[in-house]
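Colleague: One structure, pasted below without further comment.
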Amino acid sequence: MKVLRILGIGVGILVALVAAGVGLLHALFDGEKVKAELQRVVLEQKQRKLDIAGQVELSVWPEVASGLAASACPNRAARRSSPRWIRRAWRWR
């Protein structure tokens with residue numbers, strides 16, 4: 001019984017630490033900063049202006065990812081918006 005009690009306390013502490021880490025991640029995540037950084041990088045690398053409507057959101061389940069609202073990056077030649085490379089999900093793996 002003593003082993004199960006110690007194991008239960010250890011699992012409880014582990015779950016509390018994971019929950020605290022997720023809470024800290026949400027508290028420190030700045031969607032506007034990520035949005036500005038994405039726009040800056042696209043302008044530097046592709047010489048195009050990236051428009052992201054709405055907020056950049058953080059998701060932690062089932063995997064850590066950031067979600068983008070509607071985005072557009074006009075193509076100079078064909079005048080299309082949302083080229084294939086911008087429609088991909090921005091995920092950390």
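The values are calculated or read from the model by the stated rules, or taken from the named source; none is laboratory data. What you are looking at is a predicted structure, and each value in this text was computed from that prediction instead of being measured. Here the Cβ is made from the backbone with ideal geometry for all residues, glycine too, and neighbour counts use every protein chain on show. Only protein heavy atoms, including side chains, enter the accessible area calculation; ligands, DNA and RNA are left aside. Shrake-Rupley method; radii C 1.70, N 1.55, O 1.52, S 1.80 Å.
Colleague: Sort out which residues of segment 54-70 are open to solvent by 50 Å² or more (accessible area, probe 1.4 Å) and not small (Gly, Ala, Ser), and write them in order of number.
Modeller: Gln55, Glu57, Trp61, Pro62, Glu63, Val64, Leu68
Colleague: Hey, another quick one. May I ask you to verify whether Val3 is at pLDDT 80 or above and surrounded by 10 or more Cβ atoms within 10 Å (Cβ to Cβ)?
Modeller: The answer is no for Val3.
Colleague: Something else: If the requirement is being modelled with pLDDT under 85, touching a Gly at 6+ places or on another chain (Cβ under 9 Å) and not in a strand (DSSP E or B), which of these qualifies: Ala78, Ala89?
Modeller: It is Ala89.
Colleague: Here is a further query. Surrounded by 13 or more Cβ atoms within 10 Å (Cβ to Cβ) and at pLDDT 80 or above: is that true of Glu37 in this structure?
Modeller: Answer is no for this residue.
Okay, residues lined up against (1) loosely packed, with under 13 Cβ neighbours inside 10 Å; (2) out of contact with any Pro (no Cβ under 9 Å at 6 or more places or on another chain); (3) among the aliphatic types (A, V, I, L, M):
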{"site": "Val15", "(1), (2), (3)": "yes, yes, yes"}
{"site": "Val18", "(1), (2), (3)": "yes, yes, yes"}
{"site": "Ala27", "(1), (2), (3)": "yes, yes, yes"}
{"site": "Asp30", "(1), (2), (3)": "yes, yes, no"}
{"site": "Val41", "(1), (2), (3)": "yes, yes, yes"}
{"site": "Gln45", "(1), (2), (3)": "yes, yes, no"}
{"site": "Ile52", "(1), (2), (3)": "no, yes, yes"}
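Colleague: Moving to a separate point now. Testing Val15 on (1) over 22 Å from Ala69 (Cα atoms); (2) of a type outside the set (Ser, Thr, Tyr); (3) assigned to a loop (DSSP other than H, G, I, E, B), one condition comes back false. Which one is that?
Modeller: Tallying (1) over 22 Å from Ala69 (Cα atoms); (2) of a type outside the set (Ser, Thr, Tyr); (3) assigned to a loop (DSSP other than H, G, I, E, B), Val15 fails exactly one: (3).
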